[in-house]
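Quick notes on the structure that follows.
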Amino acid sequence: MPVPIETTPTFAAEPAVDAQFVAVPFGRDLAPPAELPLPVDALLAHYEAKGDPGEVVEVPVALGSGIRRVLLYGIGAGSAADLRRAGASVVRKIKGGATVWIRVPEVTDAAALAEGALLASYTFRIGASRTPPKIVFVGGDEEALRRGETIARATSLARDLINTPASVKSPAWLAEQARSVAADAGLGFREDTELVDFGGIRAVGRGSAGPPRLVEISYAPEGATRHVVLVGKGITFDTGGLSLKPEEGMKTMKTDMAGGATVIAVMGALATAGVPVRVTGLVACAENAFSGSAQRPGDVITQYGGRTVEVLNTDAEGRLVLADALAYADAELAPDAMIDIATLTGAAKVALGLRLGALYATDEALASALLASGEVTGDRLWRMPLIDDYRADLDSDIADLANVDRRMSGSAGSVAAALFLREFTGGRPWAHLDVAGPARSSADDGEITKGGTGFGVRLLLHYLTSVK
């Protein structure tokens, strides 16, 4: 597997004398290199630059017999979002393995600048690799910059897991990556491959040559009094099963384990980020394939804890594996709160597009904290309703529940999926993040890179760090 973020930032008091790329913020704390050919105000006026975040003015100056490129970059109001975009815009100006010296602006917290710069340097490639830029931060609070690096590396790890092709990424492979992350971070690790009581995970993985499994990673810092369980959907490829997806719908399905990747990456960063609460990460790993042994529409399965479910659509498989994990967490782990994250429904993507994740929650304090963390980190959420009037649509004629609206209307699909999952939470404080839209990107944009985005890593790390 590629190494997440090959760029390792370094720190310096001043740029090297022979530095070919020097990035300097412009605005209230502008401190440009003395060799600029014109006054800064004249340069900015010429380029009609306003200092907006992401705005970069390139000025070539003499450097011996060569050229130094001075990049004047805007930081807007200096918010976290502004700094992330600024850092990303600077790095995207650099080609190949060149070194860029980034002067850190005088802001309260420069972590977001490092985060944006490092995430924009991310690449995933199989075969001939691209040489990433080398980044040197000049000035600023090194502790804050290191915090930004921790967040960026965790997000990058999630991207690597998501972007890995399904020809490599079997359920066993994903579980092995989780084991490696846990070992590196000194965390507890357990893997269930028998799945005797996990009828949902077993049924979804039945049609694949690669058996399913449930991964459990545990973090327990000294003195922790609160316990949060994270649950991630780990469908390593989703054909839809016998309810087969069309070809176009399958092209991105190697990324259907984005929620599981987020959970693994978050767990690996907890200690470094100084998270003060106990956290257990559960990843339900399976491949939803079709074969003679695959589950059929109309089958009835028994989820963890004994609830029976009539499977009306095998392409609504994510909720089946999550339901098992949630029921297990409720019965065996007794957490103070449960949060699941999944690329669960196309309906959430239709409703909110590619920038926002859908948030469903049974607890107001939990919902408020997650919304606030989303605004701070850029992994933004939108609160969606758990409409109890729709709950009866999930009743089955022959089982306790149906896995989709029994009328097969397709309306309010994201709400129906959340209502289904709520049935397995035992009434505990619970939040469901449907990230089918923002988990994938079709183009580079700021710190977001094409492919898996790692959406949710920054959000959950911020939330867990602030849990009281």
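The values are calculated or read from the model by the stated rules, or taken from the named source; none is laboratory data. These numbers were taken from a predicted model, which means no experiment stands behind them. We work out accessible area using only protein heavy atoms, side chains counted, and drop any ligands, DNA or RNA first. Shrake-Rupley method; radii C 1.70, N 1.55, O 1.52, S 1.80 Å.
In degrees, nearest 10, range 0 to 90: what is the angle between the Cα axis of helix 413-422 and the longest Cα principal axis of the chain?
Once rounded, the angle reads 70 degrees.
Given a 1.4 Å probe and every protein chain left where it sits, what share in percent of the accessible area of the stretch 191-333 is carbon and sulfur?
Summing carbon and sulfur atoms, their accessible area is 48 percent of the total for the stretch 191-333.
If you average the sequence gap of Cα pairs under 8 Å that are 6 or more apart and divide by the length of the chain, what percent do you get for the contact order?
15 percent
Can you give the log10 of the normalised intensity I(q)/I(0) at q = 0.13, 0.23 Å⁻¹, computed with Debye over equal Cα scatterers of the stretch 15-136?
-0.50, -1.36
Relative to the longest principal axis of the C-alpha atoms of the chain, give the angle of the C-alpha long axis of helix 364-377, reported between 0 and 90° and rounded to the nearest 10°.
Approximately 30 degrees, to the nearest 10.
Any idea what diffusion coefficient the stretch 190-236 gets from Stokes-Einstein, in µm²/s, Kirkwood Rh on alpha carbon pairs, 10 °C, 1.306 mPa s?
D = 125 µm²/s.
Counting only heavy atoms of the protein chains, get the accessible area per residue of the stretch 178-323 (1.4 Å probe) and round it to a whole Å² value.
Accessible area per residue: 36 Å².
Divide by every residue of the chain the summed helix terms, -39500 (n - 2.57) for each DSSP H run of at least 4, and state the resulting mean residue ellipticity at 222 nm, rounded to the nearest 500 deg cm²/dmol.
-9500 deg cm²/dmol
Quick one: Karplus J couplings for the stretch 345-360, per residue in order, coefficients 6.51, -1.76, 1.60, θ = phi - 60°, nearest Hz, x for Gly and Pro?
Result, rounded to whole Hz: 9, x, 4, 5, 5, 5, 6, 10, x, 9, 9, 10, x, 8, 10, 10.
Whole-Hz Karplus ³J(HN,Hα) for the stretch 378-385, in order, using 6.51 cos²θ - 1.76 cosθ + 1.60 and θ = phi - 60°, x for Gly and Pro?
Once θ is set to phi - 60°, the couplings for the stretch 378-385 become x, 8, 7, 10, 10, 5, 10, x Hz.
How large is ³J(HN,Hα), in whole Hz, for each residue of the stretch 331-344 in order, when computed from phi with the Karplus curve 6.51 cos²θ - 1.76 cosθ + 1.60 and θ = phi - 60°, using x for Gly and Pro?
6, 10, 9, 6, x, 6, 7, 10, 10, 10, 9, 7, 7, 8
Enter the accessible area of Phe124 (Å², nearest 10), with the probe set to 1.4 Å and all protein chains included.
The accessible area of Phe124 comes to roughly 60 Å².
Helix 258-273: angle to the longest alpha-carbon principal axis of the chain, degrees 0 to 90, nearest 10?
Relative to the chain, helix 258-273 is tipped by roughly 60 degrees.
Provide Rg over Rh for the chain; use the alpha carbon set for both Rg and the Kirkwood Rh (inverse mean inverse pair distance).
Over the Cα atoms of the chain, Rg/Rh equals 1.02.
Would you mind getting the accessible area per residue of the stretch 331-422, heavy atoms of the protein chains only, 1.4 Å probe, in Å²?
Accessible area per residue, the stretch 331-422: 43 Å².
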